[in-house]
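A short worksheet on the structure shown next.
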Amino acid sequence: MNLEQLFSQYKEQSIEGRYITLDKIYPILEKLSTDNQLEIIGKSVLDIPIYKFQIGTGKIKILLWSQMHGNESTTTKALIDFLNLLNGGSDFANTLLKAFTFCVIPMLNPDGAKLYTRENANKVDLNRDSKDLSQPESRVLRETFENFEPDFCFNLHDQRTIFGVASTGKPATLSFLAPAYNEEREINESRLKAIDLIAGINEVLQYHIPGQVGRFDDSFNINCIGDTFQYLGVPTVLFEAGHFPNDYLREETRKYVFVSLVSSFKILSENDIVTNGLGKYLSIPQNKVVFYDFLYKNIKINYDGIEIITNFAAQYKEELIDDQICFNAYIVHISELENYFGHFEYDAKGAIYQDENENFPKLNQKANFYLDNDIKVVNGVISI
């Protein structure tokens, strides 16, 4: 089965980019709901509906939710693509629908999606609310979990561009975690099922994005929803969709999330569990904060009459302006940057820094400057 070709066949063309809101996905869900699969299961703080889409007649029950953090939309796009596949009428789709019952919450935090914030409208991180259940969105997810009684949970997120695969110099395009269920981070039967599944997903992904899969930190926090569901005895898999080179809109990453979802259910439906899953899971390198969006090396600056050779880094800030996500680069680190990488790197070889006001960069200023007066950098990017 050619999974990338499958993605191209079922990719939902009407949604793309980072700003994915309920009004963009609702028409798609409504169109797919040919047999009343779409249902309102609650309301957000701002009284926006929260939907679930349930499909399939199989014994294995799968609960998936996305955009728990409103500005993490890559997995939402991939979930819609996956629902297109399930509704496509192929033999493979029918096999999945006979093996599984899927309960999908494509957008748990519609308020945060509209505002493009991690938190909900009350400025609460829903992934730190699984114990208190102080927010309506948290209660909706918990009630769905209790009513549906899933056999597996899929907790779908995005991660920032700062994460790399250990210190390899490769970005963590996708990272996974089988969350801990206790402080000791022990392995029980439930957690081992999630571990084995991730090991199988990783084997598939290494054919597509070799060396670009990471393993997320497994420190236990009962306030995190994945840890809670694992604690309650349900195998839970955390997805973290990250950076693929030159893919700030996360359309390539979207493809590999789709590949991972399809691989997950192919593995489970065929009972194709990897051998030595724990060892293979632990061999996945851990995520590490090693990247900046822009890294400039060997820049000459004039500070109080003294010339110094230094390095600095800039990072995009995603800012919602007029219903569009703008990537604005700001200087975030100055001085030594050993053991760090840039998604874009430039060796100035001693070229002199100059901006409109100063002869040296300052933290939190926009990354607009000149090198030797003839190389212009605009929003982090060299524009000669």
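The values are calculated or read from the model by the stated rules, or taken from the named source; none is laboratory data. Keep in mind it's a predicted model, so treat the numbers as computed, not measured. Heads up, the Cβs are rebuilt from the backbone with ideal geometry, glycines too, and the neighbour counts pull from every protein chain shown.
You will find that of Glu307, Glu336, Glu318, Glu358, the residue that is farther than 29 Å from Thr168 by Cβ and either in contact (Cβ under 8 Å) with a residue 60 or more places away in the chain or outside any strand (DSSP E or B) (or both) is Glu358 and no other. Scanning the stretch 352-362 for residues that are among the polar types (S, T, N, Q) and surrounded by 15 or more Cβ atoms within 10 Å (Cβ to Cβ) yields Gln354, Asn359. Within the stretch 260-275, the set of residues being in a loop (DSSP other than H, G, I, E, B) and in contact (Cβ under 8 Å) with a residue 40 or more places away in the chain comprises Asp272, Ile273, Val274.
Reported count of residues in the stretch 203-214, each being over 11 Å from Ser264 (Cβ atoms) and touching a residue at least 60 places away in the same chain (Cβ under 8 Å), is 4.
Residues in the stretch 178-217 that are closer than 23 Å to Arg18 by Cα and outside any helix (DSSP H, G or I): 5 in all. Residues of the stretch 261-280 include at least one that is buried (at least 19 other Cβ atoms within 10 Å of the Cβ) and either over 24 Å from Gly58 (Cα atoms) or among the acidic types (Asp, Glu) (or both).
For the criterion of being modelled with pLDDT of 95 or more, part of a strand (DSSP E or B), buried (at least 16 other Cβ atoms within 10 Å of the Cβ) and in contact with a Gly (Cβ under 7 Å, 6 or more places away or on another chain), Lys297 fails. All of (1) hydroxyl-bearing (Ser, Thr, Tyr); (2) touching a residue at least 60 places away in the same chain (Cβ under 8 Å); (3) more than 22 Å from Phe258 (Cα to Cα) hold for Ser66 with one exception: (3). Considering each residue of the stretch 363-376 in turn, at least one proves to be without any contact (Cβ under 8 Å) to a residue 24 or more places away in the chain and in contact with a Ser or Thr (Cβ under 6 Å, 6 or more places away or on another chain).
Against the condition over 30 Å from Glu72 (Cα atoms), of a type outside the set (Gly, Ala, Ser) and either surrounded by 15 or more Cβ atoms within 10 Å (Cβ to Cβ) or in contact (Cβ under 8 Å) with a residue 12 or more places away in the chain (or both), how does Lys349 come out, does it pass? Break it down into steps so the answer makes sense when it comes.
Details: over 30 Å from Glu72 (Cα atoms): yes; of a type outside the set (Gly, Ala, Ser): yes; either surrounded by 15 or more Cβ atoms within 10 Å (Cβ to Cβ) or in contact (Cβ under 8 Å) with a residue 12 or more places away in the chain (or both): yes.
In short, yes.
Annotation: of all residues in the stretch 363-379 being part of a loop (DSSP other than H, G, I, E, B) and at pLDDT 95 or above, the one that is surrounded by the fewest Cβ atoms within 10 Å (Cβ to Cβ) is Asn364. Identify, by number, the condition in (1) in a helix (DSSP H, G or I); (2) over 19 Å from the mean Cα position of the chain (by Cα) that Val257 doesn't meet. If we test Val257 against (1) in a helix (DSSP H, G or I); (2) over 19 Å from the mean Cα position of the chain (by Cα), just (2) comes out false. When Gln212, Gln206 are screened for being within 19 Å of the chain's Cα centre (by Cα), more than 30 Å from Ala329 (Cβ to Cβ), surrounded by fewer than 24 Cβ atoms within 10 Å (Cβ to Cβ) and modelled with pLDDT of 95 or more, only Gln206 passes. The number of residues in the stretch 18-48 that are surrounded by 15 or more Cβ atoms within 10 Å (Cβ to Cβ) and either assigned by TED's automatic domain parsing to the domain that holds Glu319 or not basic (Lys, Arg) (or both) comes to 17. Counting the residues of the stretch 315-346 that are within 21 Å of the chain's Cα centre (by Cα), closer than 30 Å to Lys24 by Cβ and surrounded by 12 or more Cβ atoms within 10 Å (Cβ to Cβ) gives 12.
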